[in-house]
1. Rolling a 1.4 Å sphere over the protein heavy atoms, what is the accessible area per residue of segment 1-93, to the nearest Å²?
2. Enter the accessible area per residue of segment 108-234 (Å², integer; probe 1.4 Å; all protein chains in place).
3. Given 4 °C and 1.567 mPa s, how large is the Stokes-Einstein diffusion coefficient of the chain in µm²/s, with Rh as the Kirkwood radius over Cα pairs?
4. Using 7 Å Cα-to-Cβ label points, what is the residue 244/residue 78 separation (nm, one decimal)?
5. Treating only the Cβ atoms of Lys and Arg (+1) and Asp and Glu (-1) as charged, compute the dipole magnitude of the chain about its Cα centre; round to the nearest 20 debye.
6. Taking R0 as 22 Å, what FRET efficiency do you get between residue 173 and residue 193 from their Cβ-Cβ distance, rounded to the nearest 0.05?
7. If exposed trypsin sites (Lys or Arg not before Pro) are those in a DSSP loop with at most 10 other Cβ within 10 Å, what is the longest stretch of the chain that has none?
8. So, in Å, what gap is there between the alpha-carbon centers of segment 184-253 and segment 24-99?
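The values are calculated or read from the model by the stated rules, or taken from the named source; none is laboratory data. All of these numbers come straight from a predicted model, not from anything done at the bench. Cβ placement follows ideal geometry from the backbone for every residue including glycine, while neighbour counts extend to all protein chains displayed. What goes into the accessible areas is simple: the full protein's heavy atoms, side chains included, and nothing from ligands, DNA or RNA. Shrake-Rupley method; radii C 1.70, N 1.55, O 1.52, S 1.80 Å.
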Amino acid sequence: MIDDEAAQAVRHWRATALETVLLDGFHALKHALRFGAEVRAAVTSDKVAAVELAEGLADDLTETIADLLVEVEAGTLRDLVPRVHPTRVAALAVRRGRQGNLDELSKRPRTAPVVVLDNPRNLGNVGAVVRLAAGFGATGVVTTGDIDPWHPNAVRSGAGLHFATAVERLPGDALPEGPLYVLDAEGEDIRSVAIPDDALLAFGSERHGISPELRKRATRLVALPMRPQVSSYNLATSVAMALFHWGGPDRPA
């Protein structure tokens with residue numbers, strides 16, 4: 001019976017929630033599954049609609065998602081998550097292992113840059129950058145400072161793509177090896193600079209920019225083109241521009 005299955009799913013969810021990562025919405029679940037996440041629980045208040053969504057947007061996962069999802073009452077779903085996603089789907093997955101991420105970040109030679117966010121303050125921006133890094137095939141995203149890049153708000157903004165790339169927080173003096181290309185308004189125009197595959201691409205915080213310590217260690221300072229009197233770009237926009245320049249039209253697909 002669906003009621004018995006739902007009650008068991010709710011008990012399992014509550015027992016598992018503290019040791020797992022919330023996947024908020026259908027797309028987060030879809031991406032996490034595609035990149036090998038271990039999903040411990042998955043619930044929805046409308047399984048028929050969720051499976052139809054899978055058939056239309058993720059036919060490679062339709063059967064898996066149908067098997068994973070347990071239907072619960074709408075009120076129960078509201079009790080389990082901070083806010084219900086419009087797709088009315090939520091899941092819990094095991095966070096990627098830290099040591100595996102560190103091994104991936106430190107592997108040399110790298111074939112794609114590591115994005116470094118120096119003391120970011122906005123979790124939504126962190127998640128958006130993770131999503132970009134996954135899409136461009138960057139080696140990973142490293143944050144410095146005190147916020148957790150795996151915070152639920154960052155995972156929500158990243159649409160589950162934390163599982164597609166190495167995402168970790170590290171001290172500023174423990175970054176992976178590699179040439180450090182720091183985005184700074186006083187740097188060379190990035191369009192005149194070739195970004196090597198093993199570069200660290202460092203971006204400052206939304207509020208204060210790059211830290212003096214990281215700026216001093218830069219291999220090169222590079223700047224994004226910007227119209228005079230415009231003060232800055234959004235962090236995720238800056239990362240997208242830099243990664244697009246790295247990928248470039250002459251880079252092999």
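1. Spelled out: the 1.4 Å probe surface of segment 1-93, per residue, equals 54 Å².
2. 45 Å²
3. 67 µm²/s
4. 4.1 nm
5. Roughly 740 debye for the chain.
6. It comes to 0.30.
7. Numbers: sites that count: 83, 207.
With trypsin sites (Lys or Arg not before Pro) excluded where exposed in loops, the chain gives 84-206 as its longest stretch.
8. Cα centres, segment 184-253 to segment 24-99: 35 Å.
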